[in-house]
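S.K.: One structure follows; several queries about it will come next.
Any read-out appearing in this document is the output of simple, stated calculations on the displayed coordinates, not a laboratory observation. In this text the structure is predicted, and so the values were computed from the model without any measurement. Note: ideal-geometry Cβ built from the backbone for every residue, glycine included; neighbour counts use all protein chains shown.
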Amino acid sequence: MNARPQPAMIPFIDLAAQRRRLGPAVDAAVSRVLAHCQFILGPEVRAFEEELSAFCGAKHAVTCASGTDALVLALRAFGVGPGDAVICPSFTFCATAEVAVLVGATPVFVDVDPVTFNIDVKGIAGAIEAAKQAGLTPKAIIPVDLFGLPADHPHVAAVADAENLFVLDDAAQGFGAMHHNRRLGTFGHATATSFFPAKPLGCYGDGGAVITDDANLADMMRSIRVHGQGSDKYDNVRIGLASRLDTIQAAVLSEKLKIFPDEIEARNAVARRYTRGLGDVAIVPAVPEGLTSVWAQYTIRLAPGRRDALAAALRVQGIPTAIYYPIPLHKQGAYRTYPVSRSGLANSERLADEVISLPMHAYLEEETQARIIDAVGTALR
Ligand SMILES: Cc1ncc(COP(=O)(O)O)c(C=O)c1O
């Protein structure tokens, strides 16, 4: 029998290509840490925090062990806890809502805009009402810059100011993106990001950071990340965590940050090619005027029921796809008992049935991408 050879799988995210570009610089940076052996909060951590805050034009960056911990640190530092409501979108990664529960508060879900996939500002009033009706105090809101695109920060800020809410931007996917020439990191009271390897700015393990202009919040988070330390590590003034970014990861990230602007450009070139090539067969992502995305994902929408056939047709041609997210959080077993905005979550439910993401990274060569565009077009036409 003649078995037809399967084409080699294209990587969905090609970490090895970046590794080839940065190999010697990263190896040298890691070797410096191996030589001085200050593996926890070594000099590379402080240096990277300064580079990170300068990169987004903010005053302080506090690194920690993951993007999830970054959100927890900020909520804890702001005093969010039992009896408080944390408003967040339902169409996001679970960590956005999980952190509310981790600090003892209650997530309250809001719908997203069907075009940007980001929090629908019009739904926030309904979430505040639902929170109050459940006997909760609305305390914080977590907009998410989903798939790399900044949320509607000015309108979120206007609602939050009126309601006296703490705004914590979840920029785990959008870090590096711009909103009218301002980089994410300076919207809201604090911005959290993740350095999970697949993120636009990722390290070689877990890592995260909170960026803020508020010195008191930054001091509080530096204390909480080391067991609530006071004047020294055996002076414990509050309950905290063990959540530091490893020195080795900070050394890796310093090298990666140097090429990050160039990689953002490259990701945008890839996104433009997809949009040109696929605009007539699918709903391609829209980037509102004045915003730039870092394209954590390139996500198209298809009529319900069509994406499984597309994924299967691409898979046999060695082209991987992914679904972010197949179930909105308010429908997940762990979250379905929490309150939802009075205005409902219809868009989150619809998007969960319609989205599919294509390979996206800064090193996707034109030829490979042409193959993907061709295969998607053939499958959908
Ligand atoms: C939107 C969002 N928030 C939070 C996180 C949590 O980040 P981490 O995996 O570093 O804890 C992620 C990443 O997976 C994410 O995509």
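S.K.: Ranked highest first by average number of other Cβ atoms within 10 Å, how do 38-50, 226-238 line up?
M.R.: 38-50, 226-238
S.K.: I need the peptides 263-270, 20-27 ranked by packing, meaning the mean over residues of other C-beta atoms within 10 angstrom, with the highest value on top.
M.R.: Going by the mean number of other Cβ atoms within 10 Å, highest first, we get 263-270, 20-27.
S.K.: Please report, in whole Å³, the volume per residue of the convex hull around the C-alpha atoms of the chain.
M.R.: Considering the Cα atoms of the chain, their hull volume per residue is 153 Å³.
S.K.: So between Arg336 and Glu129, what do we pick up on full extension, going 0.36 nm a residue minus the alpha carbon distance?
M.R.: Roughly 72.7 nm would be gained on extension.
S.K.: For the chain, build the charge dipole from Cβ charges (+1 Lys, Arg; -1 Asp, Glu) around the Cα centre, then report which of Ile13, Ala125, Gly344 sits farthest towards its positive end.
M.R.: Comparing the listed Cα positions along the dipole, Ile13 ranks first.
S.K.: What does the charge count near Lys122 come to, summing +1 for each Lys or Arg and -1 for each Asp or Glu among other residues with Cβ under 12 Å from its Cβ?
M.R.: Around Lys122, the surrounding residues sum to -3.
S.K.: Leu291's amide H: which non-local residues (gap 5+, or another chain) put their own amide H closer than 5 Å, with H modeled 1.01 Å from N in plane and none for Pro or chain starts?
M.R.: His180
S.K.: Testing the spin-label approximation: label points 7 Å from Cα along Cα→Cβ at Gln6 and Arg272. State their distance in nm.
M.R.: In this crude spin-label approximation the distance works out to 3.6 nm.
S.K.: Once you charge only the Cβ atoms, +1 for Lys and Arg and -1 for Asp and Glu, what is the size of the charge dipole of the range 1-143 about its Cα centre, to the nearest 20 debye?
M.R.: The calculated dipole for the range 1-143 is roughly 280 debye.
S.K.: Another question, then. Tell me which of Thr321, Ala190, Phe48 sits at the most positive position along the dipole axis of the chain, charges placed on C-beta atoms (Lys, Arg +1; Asp, Glu -1).
M.R.: Thr321
S.K.: Moving on. Report the FRET efficiency, 1/(1 + (r/R0)^6), for His227 and Leu15, where r is their Cβ-Cβ distance and R0 is 25 Å, rounded to 0.05.
M.R.: Taking R0 as 25 Å, the efficiency between His227 and Leu15 is 0.15.
S.K.: Still on this structure, please answer the following. Along the Cα→Cβ direction, 7 angstrom out, place labels at Asp280 and Asp213. What is the inter-label distance in nm?
M.R.: Each label point lies 7 Å from its Cα, and together they span 4.7 nm.
S.K.: Per-residue ellipticity at 222 nm for the chain, helices alone: DSSP H runs ≥ 4 residues times -39500 (n - 2.57), over residue total, nearest 500 deg cm²/dmol?
M.R.: Result for the chain, helices only: -12500 deg cm²/dmol.
S.K.: Per-residue counts of other Cβ atoms within 10 Å, averaged by peptide: what ranking do you get for 57-66, 339-348, 142-151, highest first?
M.R.: 142-151, 57-66, 339-348
S.K.: So how do Thr292, Thr186 line up by other beta-carbon neighbours within 10 Å, fewest first?
M.R.: The most exposed by this proxy come first: Thr186, Thr292.
S.K.: Next question. What's the center-to-center distance, using Cα atoms, between the range 64-81 and the range 127-197 in Å?
M.R.: 14 Å
S.K.: Work out how much length Glu265 to Ala242 would gain on full extension: take 0.36 nm times their residue separation and subtract the Cα-Cα distance, in nm to one decimal.
M.R.: 4.7 nm
S.K.: For every other residue with a beta carbon closer than 10 angstrom to the beta carbon of Leu22, add +1 if it is Lys or Arg and -1 if Asp or Glu, then tell me the sum.
M.R.: Around Leu22, the charge tally is +3.
S.K.: Quick check: convex hull over the Cα atoms of the range 208-343, volume per residue in Å³, rounded to an integer?
M.R.: It comes to 256 Å³ per residue, whole-number rounded.
S.K.: Further question: Once the other residues with Cβ under 12 Å from the Cβ of Met221 are scored (Lys, Arg +1; Asp, Glu -1), what is the net sum?
M.R.: After counting each charged neighbour, the total is +1.
S.K.: A further question follows. Check Gly176: other-chain or 5+ apart residues with amide H under 5 Å from its amide H, H built from backbone geometry?
M.R.: HN-HN under 5 Å from Gly176: Leu184.
S.K.: Can you list the HN-Hα couplings for the range 210-219, worked out from phi with the Karplus curve (6.51, -1.76, 1.60; θ = phi - 60°), rounded to whole Hz and with x for Gly and Pro?
M.R.: Values per residue, Gly and Pro as x: 10, 10, 7, 8, 8, 5, 5, 4, 4, 4 Hz.
S.K.: Shifting gears a bit: So for the chain: antiparallel DSSP bridges make up what percent, rounded to the nearest 5?
M.R.: Expressed as a percentage, antiparallel bridges in the chain total about 60.
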